[in-house]
Amino acid sequence: MEPLVLLYAIPLLFLALKLWNHFDAKRDQQCYILDYQCFKPTDDRMLGTELCRDLMRRSKNIGLEELKFLLKAVVNSGIGEQTYGPRVVFSGKEQRPSLLDSISEVEEFFHDSLLKLFQKSGVSPSQIDLLVVNVSMLSTSPSLASRIVNRYKMREDIKVFNLSGMGCSASLISVDVVRRMFKSYKNSYAIVVTSESLTPNWYSGNDRSMILSNCLFRSGGAAILLTNKRDLRHKSMFKLKCLVRTHHGALDESYDCCYQKEDDQGNLGFHLGKSLPRAATRAFTDNLREISPKIFPITEIFRLTILTIIHKLSSASSSKPRWAKPTANFRSGAEHFCLHTGGKAVIDGVGKSLNLTEQDLEPARMTLHRFGNTSASSLWYVLGYMEAKKRLKKGDRVLMISFGAGFKCNSCLWEVVTELGGRKGNVWEDCINAYPPLTLANPFMERFGWIQKEDAASFKSL
C-alpha cells in the first residue's frame, strides 16, 4: 500500500512545487516606486508676462494677426506666470541654439533630480540595474542615457534604454519597459528619467499650428526609482497594478496630427493639427475599453453588463429607448486621477468623458497653471501635487492617463502602499499652500488685451 501512496504523492508534490515556483516568481515580478523627484528650474527661468512680450518683440515673423492668436491661445491655455522656459529664450538665442545649449538644458535636469533621488533614497548609482531615459526631441551620440552612466560611473552590466520621439506619453512607456524587464531580472533597481528638450524646438516662425506649442510646452523633468525587490515592498510608495498602451500610428489622421517639422521658411517646430482632438478621443476610447475591465471591481462590471443588455433590448424594441446608455463609474476603480497636462481643453475633455468632479481635475489644472505642459514628465508633477496636498492614503488607487504623438494613449493604475503626506523635497513644497488660487486667470489679457482692437494700418509694435 505504501508504494502506491508514494506513487500518487510524487506527482502531486511535483505539481505543488511547480505551482509554488510559479506564484513565487510572480511575487518577484512586481513593480514598485521607491521614490521620485521632479525638477524645478531656478526662478530666473520663469516665463512671465513681460518676458513673453520681449519674445514677441524679438520675432520678426510675428505680425498683428499672429499676436492676436497668441494672446487668445495663452489666455485659454490655463498656464500662469511661473512656468519655466529654456535658457536660450532668456539669452536671445532661441532662433539659433547650439547643440551644447540643448545638451546643457537636459543635463541641468539630470544632475539636479538624480542627485536628489540618490541622496534621499539611499540607493547608490552602482546599485542601479536598469536605466531608461526618454527625451523625445533630442538625440545625441553618445546617447543621453550614456551621459548619465558616465556621470555617475554606473556598472558595466547595467541595462540601458534610450527612447526618443515617443512624445508626451513616454514616461509610461518607460515604466512599461521596466515592468517587462523585471519579469526576467529579480531583485533589481531601475531608474526612469523623463524630460523634454525645448531648446532646439522653440518655434520662431508664424505658422499658427506651430506657434501654439510655445504657449503650452515648458521646461521640467522627473526621475523615478523603481524596484521589484520583495523585501522593499513595505518601504515603497506605489505598486503598479496594470498598464495599457494604445497606439494608432497606422491611421494617417492620427499619425499626422502632431509631429516635429520645418515650416515653409525652414523654422523647426512642433505642429499641432486640427485633427488632434479626434485622434486623442479615438485613442482614449480604445485605451479605456481595454483598461476598464482590469481596474473595475466585479460589481461595477456586473452593473454595466446588465444595464447594457437592458439598453440594447430597449433600443431594439422601440425607436425611443426608455433606458439611457449606461456610463461607467470610474471612481469605483480609482480614488485619484493623474491626467496629462496637455492643455485646458485636454483636461476638460478627459474630465467630461470620465464624469470627474472639479476636485478630481484640480491636480492637473494646478500643475498646468504652475508648471505648464512639461511633456512626458507632467504626470509626476500632478502626482506630486496630490502628495503635497496629503490626499494619497494607504490603499488608494491612482489612475494615470497620458497622450502622445504617434498617436498614443497610455494609462496605468498605481496602488498607494504607504501613507504619503508632506515629504520634504516635494517640488510643490514652497507653494502648495497657495493652491488652488482664487482664480486661474493669467494677466496676459489685462496687459495686452488692447491688441484685439488694433488694426494692421495703425499698429506699430508692443
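The values are calculated or read from the model by the stated rules, or taken from the named source; none is laboratory data. Note that the coordinates shown come from a computational prediction; the quantities given were computed from them, not determined experimentally. Here the Cβ is made from the backbone with ideal geometry for all residues, glycine too, and neighbour counts use every protein chain on show. Ligands, DNA and RNA are excluded from the accessible area calculation, which covers all protein heavy atoms including side chains. Shrake-Rupley method; radii C 1.70, N 1.55, O 1.52, S 1.80 Å.
Report, to the nearest whole %, how much of the accessible area of the chain belongs to carbon and sulfur atoms, 1.4 Å probe, protein only.
The C+S portion of the solvent-accessible surface of the chain is 55 percent.
Using amide H atoms built 1.01 Å from N in the peptide plane, name the residues 5+ places from TYR84, or on other chains, whose amide H lies under 5 Å from its own.
Amide H to amide H, under 5 Å and 5 or more residues apart or across chains, TYR84 pairs with LEU47, SER219.
What order do you get for 84-93, 292-301 when each peptide is scored by the mean count of other beta carbon atoms within 10 Å, highest first?
84-93, 292-301
Which option, [x] 33; [y] 47; [z] 41, is the value of percent of Cα pairs over 36 Å apart that was calculated from these coordinates?
Only one option fits the structure, namely [x].
Output the 0 to 90 degree angle, nearest 10, between the alpha-carbon long axis of helix 99-121 and the longest principal axis computed from the alpha carbons of the chain.
Rounded to the nearest ten degrees, it is 40.
If you take the square roots of the eigenvalues of the alpha-carbon gyration tensor of region 31-128 and sort them as a ≥ b ≥ c, do you get rounded (a/c under 1.5), prolate (a/b over b/c) or oblate?
prolate
Could you order peptides 120-128, 379-387, 258-266, 101-109 by the average number of other Cβ atoms within 10 Å of their residues, highest first?
Peptide ranking by packing, descending: 379-387, 101-109, 120-128, 258-266.
Round to the nearest 10 and give me the degree value, 0 to 90, for the angle of helix 49-58's Cα axis relative to the longest principal axis of the chain.
Orientation of helix 49-58: about 60 degrees from the principal axis.
Sum -39500 (n - 2.57) across every DSSP H segment of at least 4 residues in the chain, then divide by the residue count to get the 222 nm mean residue ellipticity, nearest 500.
Mean residue ellipticity, 222 nm, calculated: -13500 deg cm²/dmol.
When ligands, DNA and RNA are left out and all protein chains stay put, how many square angstrom of accessible area per residue does the chain have with a 1.4 Å probe?
48 Å²
With a sphere of radius 13 Å drawn around the Cβ of ILE347, what net charge do the other residues whose Cβ falls strictly inside it have (Lys, Arg +1; Asp, Glu -1)?
Net charge in that neighbourhood comes out at -1.
GLU362: net charge of surrounding residues, Cβ under 14 Å, Lys/Arg +1, Asp/Glu -1, itself excluded?
That sum, taken over residues with Cβ under 14 Å, equals +1.
For region 348-462, I need the span (max minus min coordinate) of the C-alpha atoms along each principal axis, in Å, sorted largest to smallest.
Cα spread of region 348-462 along its principal axes, largest to smallest: 63, 36, 25 Å.
Just order 239-248, 70-79, 388-397, 359-368 by mean Cβ neighbour count inside 10 Å, highest at the front, would you?
Output ranking for 239-248, 70-79, 388-397, 359-368: 359-368, 70-79, 239-248, 388-397.
Greater than 26 Å separation of Cα atoms is the criterion. Which listed pairs, LYS40/LYS60; LYS183/LYS344; LYS235/LYS424; LYS294/LYS394; LYS116/LYS389, meet it?
Pairs exceeding 26 Å: LYS40/LYS60; LYS183/LYS344.
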